[in-house]
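Participant: Following this message is one structure expressed as structure tokens.
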Amino acid sequence: MEIKDNAFARQFETSSATGLVSIEYSFQEKKIFLTKINTPDSFQDDELVSDMLKKIMELSIEKKFKVVPIHPKIVVFFKKNPVYKELLPPGIRL
């Protein structure tokens with residue numbers, strides 16, 4: 001899977017069989033806030049979103065960013081993948 005960082009639109013993007021899937025973000029003081037997941041109306045592939053989030057976590061590790069999950073599905077991703085909890089800033093508990 002190839003993920004594009006569309007800095008102008010402030011979102012990570014990838015293509016699926018049904019169209020563009022994106023995860024919106026904002027940056028603040030070495031933190032990346034994952035704010036929204038956009039999918040086509042007929043989209044049903046939660047595994048693709050999970051794989052996309054894993055790639056974003058790898059990128060965050062490389063760049064030494066902390067990750068703040070805002071969207072409920074991203075919070076669920078952190079709960080299902082405790083290996084990434086080290087990326088949460090101090091004081092954030094899920």
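The values are calculated or read from the model by the stated rules, or taken from the named source; none is laboratory data. The structure displayed is predicted, hence computed values, not measured ones. In this analysis, Cβ positions are derived from the backbone assuming ideal geometry, glycine residues included, and neighbour counts consider all displayed protein chains. Just the protein is used for accessible areas: all its heavy atoms, side chains included, with ligands, DNA and RNA removed. Shrake-Rupley method; radii C 1.70, N 1.55, O 1.52, S 1.80 Å.
Participant: If you take every residue apart from Pro89 with its C-beta less than 10 Å away from the C-beta of Pro89, what net charge results, scoring Lys and Arg +1 and Asp and Glu -1?
Facilitator: Within the 10 Å Cβ shell, the charges total +2.
Participant: 222 nm [θ] for the chain, helices only, -39500 (n - 2.57) per DSSP H run of 4+, per residue, to 500?
Facilitator: My calculation for the chain gives -9000 deg cm²/dmol from helical runs alone.
Participant: Check cross-link reach from Lys55 to the aspartates and glutamates: straight Cα distance under 13 Å, and skip same-chain residues fewer than eight apart.
Facilitator: Filter leaves Glu2, Asp5, Glu13, Glu47.
Participant: Of Pro40, Val67, Phe12, which is farthest on the positive side of the dipole of the chain, counting Cα position, with +1 on Lys and Arg Cβ, -1 on Asp and Glu Cβ, and the Cα centre as origin?
Facilitator: Val67
Participant: Calculate, for the chain, the solvent-accessible area per residue in square angstrom, rolling a 1.4 angstrom probe over the heavy atoms of the protein chains.
Facilitator: 64 Å²
Participant: Another one. What is the local net charge at Thr39, summed over the other residues whose Cβ is closer than 11 Å to its Cβ (Lys, Arg +1; Asp, Glu -1)?
Facilitator: Local charge sum for Thr39: -1.
Participant: Just the Cα atoms of the chain: what Rg and Dmax do they give in Å?
Facilitator: Final numbers for Rg and Dmax: 12.7, 39 Å.
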